[in-house]
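Written out below as structure tokens is the structure these notes cover.
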Amino acid sequence: MTTFRRDGGVDVSGCVSKIAARMNERVTDISTCICRGLEEEIPELRADVHTIELLGASVKGNIDTMLHALQHDIPAERIHPPAAAIEYTRRLAQHEVPVTSLARAYHVGQWRMTEMVFAELRAADIGPMERITVAEAITTKLFEYLDRVIPHVIAVYEHEHEQWLDDSNSVRAVRVREVLDGTRTVDVDEATASIRYPLQWHHLALIVWYPDTRAVGDELTRLQRFVRESAEAADTAMNPLFVADDRMSAWAWLPFRSAHPDAIDRVRSFATGHPDAPRLAIGSLASGVPGFRRSHRLAQSARTVALARRDGELPIIAADDPGVSVAALLGGEITEVRQWVGEILGDLASDNDNDARLRETLQVFLRTGGSYKAAAAELDLHSNSVKYRVGRAVSRRGSPIAEDRLDIELALLVCYWYGSTVLRPDTP
């Protein structure tokens with residue numbers, strides 16, 4: 001890939017451009033790697049899992065912008081932060097993630113990016129001295145990008161944080177958060193009057209949100225309408241409570257005078273048939289102030305599971321769905337969970353369609369008490385097909401399933417709910 005000048009030296013700009021072009025072909029993989037590194041290095045970025053949805057888009061936008069600037073020798077003063085990075089900055093401000101964490105994310109991202117650039121340089125067909133010159137040119141460009149972008153995003157953060165506080169600091173929103181906090185004794189009658197919601201009744205908490213790809217500008221209005229219509233479908237005895245969490249998501253509670261065993265099914269059925277339904281996490285029905293808090297906590301846990309997948313395949317999830325509560329407990333540290341799943345399932349933890357079918361069959365087989373006949377009935381397969389798949393699953397795992405059956409069932413459960421997030425990348 002060496003680019004020579006007429007005087008026999010190395011064309012530094014040409015080398016930089018070629019390296020950037022080669023890296024740009026792998027921009028998605030590079031962005032994914034850096035994104036995971038940021039989540040591991042800066043825990044504050046995981047403070048609210050909803051913001052993680054936008055982190056990947058922000059990282060990819062920044063990487064793509066930097067690589068194009070390197071490839072086409074675009075001066076730093078003509079570079080602007082990508083739209084996804086600006087929106088991610090606003091979201092962090094709305095969730096009160098410290099601005100220092102935002103700045104550190106850019107520095108950590110630059111460090112990881114520099115490591116990848118050096119890896120490309122080591123593979124380049126140029127001499128050691130020329131390699132140093134090219135490295136200096138690239139690192140200077142990366143620094144100039146950071147030097148321009150960080151002050152810009154910090155200014156966006158500070159403006160958004162101030163505006164968000166002005167918008168959200170209504171008495172009702174503050175009082176709801178005080179009730180959820182639970183560190184002080186709540187005067188139920190006073191709080192009920194303040195938030196205009198019957199805290200002594202039964203509650204079903206909802207968390208509703210739209211993915212950033214569906215943003216059109218009126219998300220909170222659409223979410224509020226959806227919650228109101230959900231309450232009507234569930235036959236509540238009073239208007240629901242609605243509190244904005246950020247500009248794309250909200251918390252809600254549906255009030256019932258007494259326990260309604262079919263409340264969750266009614267909400268799920270309504271959401272399934274709604275043409276503009278947001279993504280939805282549902283808590284459990286519970287009563288009084290403790291129930292108000294608990295239902296919300298369970299809805300948050302369900303949303304954690306839904307968002308950790310990142311593939312949008314869980315548009316509706318309820319805390320009462322089989323295995324969700326356990327999956328939420330196990331999913332606190334995804335990196336460690338991914339490693340544990342790999343240790344338990346071996347090659348069966350590979351992210352491909354064939355192993356997914358084997359995992360599903362083994363999971364049903366174990367859940368039905370190790371009965372090929374019962375598993376075949378549930379999977380609508382012949383019992384011989386189930387027996388073959390179970391055998392293949394055991395072979396892929398690399399060891400029998402009798403001795404650590406509970407670990408296997410838990411690992412399969414985590415795979416079912418978290419999907420690719422906890423699986424090994426498939427390799428030929």
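Where a number appears in this text, it was derived from the coordinates with a stated rule and is not lab data. Please read these numbers as outputs of a predicted model, since none were measured by experiment. Here the Cβ positions follow ideal geometry from the backbone for every residue, glycine too, while neighbour counts run over all protein chains shown.
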- prompt: Taking Rh as the Kirkwood radius computed over C-alpha pairs, what is the Stokes-Einstein D of the stretch 12-168 at 20 °C in a medium of viscosity 1.002 mPa s, expressed in µm² per second?
  reply: 133
task: Could you let me know the centre-to-centre spacing of the stretch 328-387 and the stretch 106-128, using Cα atoms, in angstrom?
output: 40
statement: Quick note on 301, 287, ordering by fewest other C-beta atoms within 10 Å, gives 287, 301
task: For residue 395 paired with residue 274, estimate the spin-label separation in nm (one decimal), with each label point 7 Å from Cα along the Cα-to-Cβ line.
output: 4.7
- prompt: Charges only on Cβ, +1 for Lys and Arg, -1 for Asp and Glu: so what's the dipole of the stretch 331-422 about the Cα centre, in debye to the nearest 20?
  reply: 440
field: Where the Cα pairs of the chain fall when distances are cut into 20 Å bins, in %
entry: 22, 46, 28, 4, 0
message: Loop-only GluC sites (Glu not before Pro) in the stretch 223-317, please: DSSP not H, G, I, E or B, and at most 15 other Cβ atoms within 10 Å.
response: 313
message: Among 348, 114, 88, which residue has its Cα furthest toward the positive end of the charge dipole of the chain, with +1 on Lys/Arg Cβ and -1 on Asp/Glu Cβ?
response: 348
query: How large is ³J(HN,Hα), in whole Hz, for each residue of the stretch 277-290 in order, when computed from phi with the Karplus curve 6.51 cos²θ - 1.76 cosθ + 1.60 and θ = phi - 60°, using x for Gly and Pro?
result: 5, x, 6, 9, 10, 10, x, 10, 6, 8, 10, x, 4, x
Two-site label geometry, residue 96 and residue 405: point separation in nm, points 7 Å out along Cα→Cβ: 4.8
- prompt: Ranked highest first by the average count of other Cβ atoms within 10 Å around their residues, in what order do 86-93, 102-109 fall?
  reply: 86-93, 102-109
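If contacts are Cα pairs under 8 angstrom and at least 6 residues apart, what is the relative contact order of the chain in percent?
Working: 580 pairs, mean separation 49.8, N = 428.
12 percent.
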message: How big is the dipole moment of the chain about its Cα centre under a simple scheme where the beta carbon of each Lys and Arg is +1, that of each Asp and Glu is -1, and everything else is neutral? Debye, nearest 20, please.
response: 780
message: Check which residues have an amide H placed less than 5 Å from residue 245's amide H, if you skip close sequence neighbours.
response: 250, 251
statement: In whole Hz, the Karplus estimates of ³J(HN,Hα) for the stretch 76-87 (6.51, -1.76, 1.60; θ = phi - 60°; x where Gly or Pro) are 4, 5, 9, 9, 10, x, x, 4, 5, 5, 5, 5
task: Taking amide H positions as placed in the peptide plane 1.01 Å from N, state which residues far from residue 318 in sequence (5 or more) or on other chains have amide H under 5 Å from it.
output: 282
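Using only the C-alpha atoms of the stretch 199-257, find the volume of their convex hull and express it per residue in Å³. Walk me through the numbers on the way to the answer.
Values: hull volume 4.0 nm³, N = 59.
Looking at the stretch 199-257, the number lands at 68 Å³ per residue.
Can I get the semi-axes of the stretch 199-358's equivalent ellipsoid? Compute them from the C-alpha gyration tensor as square roots of 5 times the eigenvalues, in angstrom, largest first. Kindly include the intermediate steps, with their values, before the conclusion.
Details: eigenvalues 180, 69, 39 Å².
Here the semi-axes work out to 30, 19, 14 Å.
According to the Kirkwood expression over distinct Cα-Cα pairs, how big is the hydrodynamic radius of the stretch 331-422, in Å? Before the final figure, lay out the partial values.
Details: mean 1/r = 0.0763 Å⁻¹.
It is 13.1 Å.
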- line: Per the rule of 0.36 nm per residue minus the C-alpha distance, extending residue 325 to residue 118 adds in nm 70.2 nm
- line: Checked against the positive end of the charge dipole of the stretch 200-328 (+1 on Cβ of Lys and Arg, -1 on Cβ of Asp and Glu, about the Cα centre), the farthest of 322, 289, 300 is 289
- request: Using θ = phi - 60° and the Karplus relation 6.51 cos²θ - 1.76 cosθ + 1.60, list the HN-Hα couplings for the stretch 173-188 in order, rounded to whole Hz, with x at every Gly or Pro.
  value: 5, 5, 5, 4, 5, 5, 5, 5, 4, x, 8, 10, 5, 9, 7, 4
